[in-house]
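First up is the structure itself, then whatever we jot down about it.
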Amino acid sequence: MQLGHVVGHAVSSVKHASMHGWRLLVVQLLTGAGTPDGEPILAIDTLCAALGQRVVASNDGLGARQLVGHKNSPVRWLVLGICDT
């Protein structure tokens with residue numbers, strides 16, 4: 001799990017069948033010091049996180065595939081929580 005900052009959302013007309021109906025966020029992961037950690041990632045969102053919010057993201061690919069209900073899904077990242085501060 002890692003903290004991240006929601007920097008946008010993604011829209012795709014062509015995507016893997018397992019991703020239909022899921023909200024996709026562009027999340028900039030953060031280091032412990034709060035600075036950007038690499039390139040932004042694409043994560044599925046079940047919590048309706050808003051632009052600019054801090055979120056807890058997980059790269060548990062198995063958990064993400066179980067969430068979308070498809071064992072061959074390319075989904076790797078998912079939003080697990082929204083930070084209050």
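Structural remarks
- Comparing Gly52, Gly21, Gly63 in a Gaussian network model of the chain, where Cα atoms under 10 Å apart are tied by springs, the biggest mean-square fluctuation is seen for Gly21.
- Computed [θ] at 222 nm, helices only, for the chain once each DSSP H run of length n ≥ 4 contributes -39500 (n - 2.57): -2500 deg cm²/dmol
- Dividing the Cα radius of gyration of the chain by its Kirkwood radius returns 0.96 for Rg/Rh.
- With a cut-off of 12 Å between beta carbons, the residues surrounding Arg65 carry a summed charge of +1, where Lys and Arg count +1 and Asp and Glu -1.
- Accessible surface of the chain, 1.4 Å probe, proportion on carbon and sulfur as whole %: 55 percent
- Residues of segment 2-53: accessible area per residue with a 1.4 Å probe, Å²: 57 Å²
The values are calculated or read from the model by the stated rules, or taken from the named source; none is laboratory data. Please read all numbers here as calculations on a predicted model, not as lab measurements. Every residue, glycine among them, receives a Cβ derived from its backbone with ideal geometry; neighbour counts consider all protein chains shown. Side chains are part of the model used for accessible areas, which takes the heavy atoms of the whole protein and leaves out ligands, DNA and RNA. Shrake-Rupley method; radii C 1.70, N 1.55, O 1.52, S 1.80 Å.
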